[in-house]
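For reference, the structure is listed below as structure tokens.
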Amino acid sequence: MSATSPANLNPAKRSTFRQGLLRFRKEAFFQYMALMGGVFLLVFSYLPMFGIVMAFQDFDPSKGYMFSKFVGWHHFRMLFSDDAFWVSARNSVILSVAKFALTFVSPIVLALLLNELKPTFFKKFVQTASYLPYFISWVVIASMATTFFSGGSDGILNPLLIKFGMLKEAIPFLTYPGYYQVITVLLDVWKFTGFSAIIYIAAMAGIDNEVIEASIVDGATRFQRVYKITLPMIQNTIVVLLILGIGSMFTGGLGGSNFNYGYLLGNTLNMSASDVMDTYILRMGLQLGRFSFAAAAGLLLSTISLILVFLANWVAKKIDRDEQAIF
């Protein structure tokens, strides 16, 4: 019999083991759900990490990882000497930072405004209408944007601007790099604001009404209640979403919107603004067949995102400690 079997444990440890086994049986359904989540992460997130070695090889699909030639940092040196890489990196930073700043603040503002309204048909209508764009696919959004901002007679915006005398002739907005960046940032605000606000509205619903009523009795204005009560009460929610948002700023989340807009709305005329890291990696890896070069760019992008996650977590902890020291 094994030395670590339940029969060889002392009574206290045996009782703890039985309690743990009994708890596992009671929570079997939830334990299996957690197990499936762990398997999913293992298969789709951790096992593919072995492919990182491709970035340090002159990868040949016919030879595989084991027999491809090892070249060290060669692809990274080539990457940093490529002008197209720096253009895509610049566009990724500009678009991601602008989108993150607006799509992080706008849901909080919308949630605060809706929280101040009494439960009415108007409040429910605004909340429902604001989060519906989140469920529209990227292809449909790109088609809507192409139709709305088209410079032809079938467009929507140009005929209106010409009719009101704001333009003399139609402008194909999506062919101009500056207009492209502004349009895609506004599209992200429209798509993500309502859905993200749901999380903050749910957090505000947990605030004790007695605290708010006491502040009203003390003569606090609405702005003071928002600044002194509501925002501090949902601080943890804001911090968690901040960390998650910063981590996915260049890869998933808003970074994913950069790729979708660049792939669907990008063209040769606005490429100086629409070409981002993800479209650059796609072009180098799948279109040009430079697998190792694309892997090096992808590894660099993932490393930057990881650093941003740790940095955001460190800043959040520091802010929390400072606030505890003040109050």
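The values are calculated or read from the model by the stated rules, or taken from the named source; none is laboratory data. Since the structure is predicted, the reported quantities are computational estimates derived from the model, not experimental observations. Every residue, glycine as well, gets a Cβ built from its backbone with ideal geometry; the counts of neighbours run over all protein chains shown. Protein only, heavy atoms only, side chains kept; ligands, DNA and RNA dropped before computing areas. Shrake-Rupley method; radii C 1.70, N 1.55, O 1.52, S 1.80 Å.
Annotations
- Computed with a 1.4 Å probe over protein heavy atoms only, the accessible area of Ile162 comes to about 70 Å².
- Of the DSSP H helices in the chain, those whose Cα atoms cover at least 24 Å axially and whose Kyte score averages 0.5 or more: 83-116, 177-205, 291-326
- Magnitude of the charge dipole, the chain, Cβ model with Lys/Arg +1 and Asp/Glu -1, debye to 20: 860 debye
- Gain upon complete extension [Leu186, Leu242; 0.36 nm per residue less C-alpha separation]: 18.2 nm
- All lysines inside 28 Å of Lys26 as judged from Cα atoms, apart from same-chain residues fewer than 8 positions distant: Lys13
- Size of electric dipole in the range 153-245: Cβ of Lys, Arg +1 and of Asp, Glu -1, about Cα centre, debye, nearest 20: 280 debye
- Result for the chain in a Gaussian network model with C-alpha springs under 10 Å: among Ser292, Ser45, Ser150, the largest mean-square fluctuation is at Ser45.
- For peptides 268-274, 306-312, sequence by mean Cβ density within 10 Å, most packed first: 268-274, 306-312
- Charge dipole of the chain about the Cα centre (unit charges at C-beta), most positive-ward option of Ile307, Leu231, Gly37: Gly37
- Normalised contact order of the chain, rounded percent, pairs of Cα under 8 Å and 6 or more residues apart: 24 percent
- Carbon/sulfur fraction of accessible area - the chain, other protein chains in place, 1.4 Å, %: 69 percent
- Histogrammed with a bin width of 10 Å, the alpha carbon distances of the chain distribute as 5, 17, 22, 22, 18, 11, 4, 1, 0, 0 percent, first bin at zero.
- Within straight-line cross-link reach of Lys124, aspartates and glutamates at Cα separation under 18 Å, skipping those fewer than 8 residues along the same chain: Glu116
- Cross-link reach list, lysines versus Lys318, counting only Cα pairs under 27 Å and skipping chain neighbours closer than eight places: Lys99, Lys228
- All-pairs alpha carbon distance profile, the range 141-261, 10 Å steps from 0, percent: 11, 27, 22, 19, 16, 4
- Three-way shape label, the range 29-136, alpha-carbon gyration tensor, a/c 1.5: oblate
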